[in-house]
1. Is there a residue in the stretch 73-84 that is in contact with a strand residue (DSSP E or B) (Cβ under 6 Å, 6 or more places away or on another chain) and at pLDDT 90 or above?
2. Taking the conditions exactly as written (under 18 Å from THR178 (Cβ atoms) and among the β-branched types (Val, Ile, Thr)), does VAL66 satisfy them or not?
3. Only residues that are part of a helix (DSSP H, G or I), closer than 14 Å to ILE84 by Cβ and touching a residue at least 60 places away in the same chain (Cβ under 8 Å): list them for the stretch 146-193, please.
4. Please name all residue pairs, on different chains or six or more residues apart, with Cβ atoms under 9 Å, provided the first residue is in the stretch 229-243 and is under 14 Å from VAL210 (Cβ atoms) and touching a residue at least 24 places away in the same chain (Cβ under 8 Å) and the second residue is in a helix (DSSP H, G or I) and of a type in the set (Val, Ile, Thr).
5. When residues of the stretch 122-133 are filtered for being over 30 Å from ILE54 (Cβ atoms) and in a helix (DSSP H, G or I), how many remain?
6. Quick one: TYR105 ticks every box in (1) touching a Leu at 6+ places or on another chain (Cβ under 8 Å); (2) among the hydroxyl-bearing types (Ser, Thr, Tyr); (3) assigned by TED's automatic domain parsing to the domain that holds HIS198; (4) surrounded by fewer than 20 Cβ atoms within 10 Å (Cβ to Cβ) bar one, so which box is it?
7. Which one of ILE218, ILE241 is buried (at least 20 other Cβ atoms within 10 Å of the Cβ) and β-branched (Val, Ile, Thr)?
8. Could you look through the stretch 1-34, keep only residues that are at pLDDT below 90 and hydrophobic (A, V, I, L, M, F, W, C), and pick out the one that is farthest from the chain's Cα centre (by Cα)?
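The values are calculated or read from the model by the stated rules, or taken from the named source; none is laboratory data. Not measured: the values here are computed from a predicted model. Ideal geometry is used to build each Cβ from the backbone, glycine not excepted, and the neighbour counts take in all protein chains shown.
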Amino acid sequence: MNLESPIIKIVELSKFYGKSTIPSLDRVNLTINRGEKFGIFGPNGAGKTTLISILCNILTASKGTVEYTIEENKQNMHAILNMIGFVPQDFAFYPDLTAQQNLSYFGGIYGISADEVKSKSTHLLEILGLSSVAHQKVRSFSGGMKRRLNLAIGLIHSPKVLFLDEPTVGIDIHSKLTIMSLLEKLNKSGTTVIYTSHHLKEAEDFCSRVALIDNGKIIALGSIDELVKQNDTLNLEELMIKLTGKELRD
């Protein structure tokens with residue numbers, strides 16, 4: 001796996017909401033390499049979700065460019081959307097459908113055949129510990145079960161780039177370990193993972209390289225070991241506090 005091969009190149013990316021003169025993203029330049037486990041971290045309101053939303057084509061940038069090279073040649077955005085997966089912090093499923101029905105619905109959106117959806121659903125539900133509840137309405141699921149289904153939906157089309165926004169928030173340790181184990185396996189099989197979380201110890205164990213963002217700007221970029229050493233801190237949490245301060249961000 002060539003970690004020096006760019007899969008996403010972001011150039012001078014800025015985002016203004018409405019008539020605001022203060023950018024939510026301010027001339028961000030960033031390259032994410034193929035096969036990385038890349039973390040994007042920062043305080044509330046720093047610009048993390050805005051950046052991921054632009055990368056997933058949910059929002060449009062005010063200025064700058066995002067260039068994908070998922071396969072050998074650059075793809076247009078329509079092709080790219082079928083190659084990326086997005087697992088949002090908020091649950092993105094229909095609670096009155098079963099787990100299997102949700103996966104069938106979202107698989108259909110990606111144009112996957114019924115047979116392939118069934119095969120992939122069976123596999124995902126099994127490895128995420130949901131086989132026994134595959135035909136139960138999701139409304140009855142625990143928080144951990146819902147979080148695992150949220151991930152399964154983001155994986156139903158076998159994306160080559162996977163975006164995760166707080167994938168383990170509010171769940172028990174068993175669900176967390178199951179999710180993180182699956183993400184490790186996906187990455188080893190070639191999936192590029194782009195991840196954001198407030199669980200900094202989890203992030204420190206998982207990510208190969210990180211970008212710290214504050215006030216819409218990247219304030220640090222590199223491996224955690226490099227950044228911790230450069231800033232004379234002990235871990236990612238200390239690094240965040242040193243670079244962004246202790247003030248509350250509501």
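1. Looking through the stretch 73-84, at least one residue is in contact with a strand residue (DSSP E or B) (Cβ under 6 Å, 6 or more places away or on another chain) and at pLDDT 90 or above.
2. On the way: under 18 Å from THR178 (Cβ atoms): no; among the β-branched types (Val, Ile, Thr): yes.
No.
3. Going through the stretch 146-193, the residues part of a helix (DSSP H, G or I) turn out to be 146-155, 173-188.
Okay, now just the ones that are also closer than 14 Å to ILE84 by Cβ, so 153-155, 186.
Correct list: ILE153, GLY154, LEU155.
4. ASN235/ILE224; ASN235/VAL228; LEU236/ILE224; LEU236/VAL228; LEU239/ILE224; LEU239/VAL228
5. Residues of the stretch 122-133 that are over 30 Å from ILE54 (Cβ atoms), as a first pass: 122-123, 125-127, 129-133.
This time we only want the ones that are in a helix (DSSP H, G or I), so: 122-123, 125-127, 131-133.
Residues flagged as over 30 Å from ILE54 (Cβ atoms) and in a helix (DSSP H, G or I) within the stretch 122-133 amount to 8.
6. Just one mismatch for TYR105, condition (3).
7. Numbers: ILE241 fails: buried (at least 20 other Cβ atoms within 10 Å of the Cβ).
Answer to the selection: ILE218.
8. Per the criteria, the residue is MET1.
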